[in-house]
Amino acid sequence: MRIVFAGTPEFAAQHLQALLDAGREIVAVYTQPDRPAGRGQKLTPSPVKHLAQQHDLPVYQPQTLRDPAAQAELAALRPDLMVVVAYGLILPQAVLDTPRLGCINSHASLLPRWRGAAPIQRAIEAGDASSGVTVMRMEAGLDTGPMLLKVATTITAADTGGSLHDRLAELGSAAVVEAVAKLAAGTLQGEAQDDSLATYAHKLNKDEARLDWTRPAVELERLIRAFHPWPICHSSLNGEAIKIHAAELGQGSGQPGVILAADKAGLTIACGQGALRLTRLQLPGGKPLNFADLYNSRREQFAPGLVLS
């Protein structure tokens, strides 16, 4: 089976590695164009491109797949199947129709819940009990195609966006390998999604990461976990920005944003409902530290009665 793989971030690279480990024939890799990264803003290849180059696979990086020339280039590869994982470009119908067996996608949610760009983080933010990966046959709509295979995992009270991402990357990689084998054998049947159950996972943005202390503590605790390691929730105290890397539900009540208590266990902040204890913070120019370490040297900076905004 001649497979074209399309993907960009580390999540996708793990899927590509799994297909290579399974001995699948990858005839070409599509990934986003190199982007500026780091302090020097040097053009940097995606994780998928980096892996493809390590295996001497042909790499294609079109700006768009709507261009007839790019579509002809893909058709010339004579793919039997296209495997798409977090690619980042829209596949027009002409591309979806090119491979003999069509295009399949590994999506990090239990569809039809959390279609869209940020399903991992939105599941944690919403307090979902479980998440997973759905391998689906692609069609023109956004994550609307027939579901071919699903794998699920429990979302624990300790899960962050990062930990759930890593677990789903492993589950999804194995699921795609299984799906490809069953497609090759002709034993995989699609199941239509129930559109009435669909929810949309909006793309993350940094503005959302600023904590609104009028919200319930339970919601803020989930948000902090969901937005770690990016974009990381933050607030300000005495005009200084503070990044919040970890928190837990605390005790007490008061005006939202007011420091209720500060000790080696954490910094307790009043919320719209309940309180939140911040346990790991990062001050400007510093590295993330457990609050106990900050408290030893900056006790006066976190005096009860001060207000975070």
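No lab work stands behind these numbers, since they all come straight from the coordinates. This is a predicted model, so every value here is computed, not measured. Neighbour counts run over all protein chains shown; Cβ positions are idealised from the backbone, glycine included.
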Segment 2-201: relative contact order in percent, alpha carbon pairs under 8 Å with at least 6 residues between: 21
A241: net charge of surrounding residues, Cβ under 13 Å, Lys/Arg +1, Asp/Glu -1, itself excluded? +2
What angle, in degrees between 0 and 90 and rounded to the nearest 10, separates the Cα long axis of helix 217-226 from the longest principal axis of the Cα atoms of the chain? 40
Between the DSSP loop rule and a limit of at most 16 other Cβ atoms within 10 Å, which trypsin sites (Lys or Arg not before Pro) in segment 31-70 are left? R39, R66
So if R0 is 45 Å, what FRET efficiency would D97 and K206 give, r being the distance between their Cβ atoms, rounded to the nearest 0.05? 0.75
Can you list the lysines whose alpha carbon is less than 29 Å from that of K49, not counting same-chain residues fewer than 8 positions off? K150, K182, K203, K206
³J(HN,Hα) computed for each position of segment 80-96 - Karplus, 6.51 cos²θ - 1.76 cosθ + 1.60, integer Hz, glycine/proline x: 7, 8, 10, 9, 10, 9, 6, 6, x, 10, 6, 9, x, 4, 4, 6, 4
Identify, among P304, T154, A94, the residue whose Cα sits farthest towards the positive end of the charge dipole of the chain, taking +1 on the Cβ of Lys and Arg and -1 on the Cβ of Asp and Glu, with the dipole about the Cα centre. P304
In the neighbourhood of D21 defined by beta carbon distances under 15 Å, the net charge of the other residues (Lys, Arg +1; Asp, Glu -1) is -2
Calculated [θ] (222 nm, deg cm²/dmol) that DSSP helices of n ≥ 4 give over the chain, each run adding -39,500 (n - 2.57): -8000 deg cm²/dmol
Roughly how many nanometres apart are two label points built 7 Å out from the Cα toward the Cβ at A126 and S309? 3.4
Sparse-neighbourhood loop hits (trypsin sites (Lys or Arg not before Pro), segment 186-253; DSSP loop; Cβ within 10 Å at most 16 others) -> K203
